[in-house]
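Q: Before I ask anything, let me first share the structure, which is written out below as structure tokens.
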Amino acid sequence: MVGGEPLPVPPAQFASYYGRPILKAPVWRHDIPAYLFTGGLAAGSALLAAGADLTGRPALRRSGRLVALGALGASTYFLINDLGRPSRFHHMLRVVKPTSPMSMGTWILAVFGPVAGVAAVSEFAPLLPRHGLPGLAGRILPPTGRAAGLAAAVAAPALATYTGVLLADTAMPAWHDAHPDLPFLFAGSALLAGAGAGLVSTPVDQAGPARRLLVAGAVLEKLAEHRIVRRGLTGEPYRQGPGGRLLRTSRLLLAAGTAGALLGRRSRVLSALSGAALLASSVLTRFGVFEAGVASARDPRYTVVPQRERLDRRASTPAGGPAAPGA
């Protein structure tokens, strides 16, 4: 009622045709958020290993290279398992399409994988006999491994961030509207995962770079997350529902892991527990982002309201005048 008169039109209900969502939610299984995490772990570990190699920390270098290769193998498995047939991954290598995040991501994996593998294999050089052909291989592997490790570190930023571009390139409102910040969020999460693995697997006297990487990753991830969560209506799935719960738990684990890593510099046990908390935080961040995107596809509000706002902005722009931001 308005002034005693009945409203001619009932309040808008955000329903869709026959109760169906406007957008089809992703049919991806949990292989995909696991793939997002393991790819980031591989990238963060490769960066940490390269830094450890250049600063003379063999234990940290060794663990970083081995974790990078193992995480990359897991990431490739999760991707192929979600695709359903291994041949689909192979077929994507037949073309190079710069406008396709999936095509470029496939090639990033194809470049990162061999160099990460060579770097990891070089860690077994000390186990080879010192004479004959094995001895020659033992002398060649270390410098080759250093070159391969540095090449993996060069490719690592692309590996850490392309999945953020991939999600933002979809029609899922919570992902699409976060396109300026999602790659930075994933980059920070990758650094945290690499730092966590380094803290778990390395003696405290060599884990200094892992702690510094942790600080950089935490700052980058939290700044990007703050911008995403506060992004109007489409930031809501990151604050509420399954996505919001996962991200809140991730923040608690990050705080605990950071405090433990910085305060327990001399405790091997506390350092390892802190690293485990950071790894768990990175996992929950990826799953939280995934759940937020799925939730935004299932609720018509997140599609209809931003569309109406864009239409209103365009309608209010004078003909021939500058377009309103976001139009």
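Read-outs throughout are calculated quantities, based only on the coordinates presented, and are distinct from any laboratory measurement. Since we're looking at a predicted model, the values are computed, not measured. Cβ: placed from backbone, ideal geometry, glycine included. Neighbour counts: every protein chain shown.
Q: Mind running the shape call on the range 195-296? Use the C-alpha gyration tensor, a ≥ b ≥ c as the square roots of the eigenvalues: rounded below 1.5 for a/c, prolate if a/b tops b/c, oblate otherwise.
A: Numbers: a/c = 3.12, a/b = 2.41, b/c = 1.29.
Because a/c hits 1.5 or more and a/b exceeds b/c, the range 195-296 counts as prolate.
Q: If you take the square roots of the eigenvalues of the alpha-carbon gyration tensor of the range 245-325 and sort them as a ≥ b ≥ c, do you get rounded (a/c under 1.5), prolate (a/b over b/c) or oblate? Walk me through the intermediate numbers first.
A: On the way: a/c = 6.29, a/b = 2.77, b/c = 2.27.
It comes out prolate by the Cα gyration axes.
Q: Show me 41-47, 141-147, 71-77 ranked by packing, highest mean number of other Cβ atoms within 10 Å first. Can you show the working numbers first?
A: Details: 41-47: 31.9, 141-147: 16.3, 71-77: 20.0.
My ranking of the peptides, most packed first, is 41-47, 71-77, 141-147.
Q: Each residue of the range 162-169 in order: what ³J(HN,Hα) in whole Hz does its phi give by Karplus 6.51 cos²θ - 1.76 cosθ + 1.60, θ = phi - 60°, with x for Gly and Pro?
A: With the stated coefficients, the range 162-169 comes to 5, 5, x, 5, 4, 5, 5, 7 Hz.
Q: What does the charge count near Tyr238 come to, summing +1 for each Lys or Arg and -1 for each Asp or Glu among other residues with Cβ under 12 Å from its Cβ? List each step's numbers first, then the result.
A: Values: positive: Arg227, Arg230, Arg231, Arg239, Arg245, Arg248, Arg251; negative: Asp177, Asp181, Glu225, Glu236, Glu291.
Net local charge, Tyr238 excluded: +2.
Q: Using a Förster distance of 45 Å, how high is the FRET efficiency between Ser100 and Ser267, based on the Cβ-Cβ distance and rounded to 0.05? Don't skip to the answer; put the middle values down first.
A: Working: r = 47 Å, r/R0 = 1.05.
Once the sixth-power term is evaluated, E becomes 0.45.
Q: Sort 103-115, 208-220 for me by packing, meaning the mean count of neighbouring Cβ atoms within 10 Å per residue, highest on top. Please report the intermediate quantities before stating the final value.
A: Numbers: 103-115: 18.8, 208-220: 20.5.
Highest-to-lowest ranking by the protection proxy: 208-220, 103-115.
Q: Another question, then. By how many nm would the segment from Thr144 to Arg245 lengthen if fully extended, with 0.36 nm per residue of separation less the alpha-carbon distance? Walk me through the numbers on the way to the answer.
A: On the way: separation 101, 0.36 × 101 = 36.36 nm, distance 4.52 nm.
Computed gain between Thr144 and Arg245 is 31.8 nm.
Q: Let me ask something else. Provide the per-residue ³J(HN,Hα) series for the range 31-40, in order, calculated from phi with Karplus coefficients 6.51, -1.76, 1.60 and θ = phi - 60°, each as a whole number of Hz, with x at glycine and proline positions.
A: For the range 31-40, the Karplus-derived couplings read 4, 5, x, 5, 5, 4, 5, 5, x, x Hz, x marking Gly and Pro.
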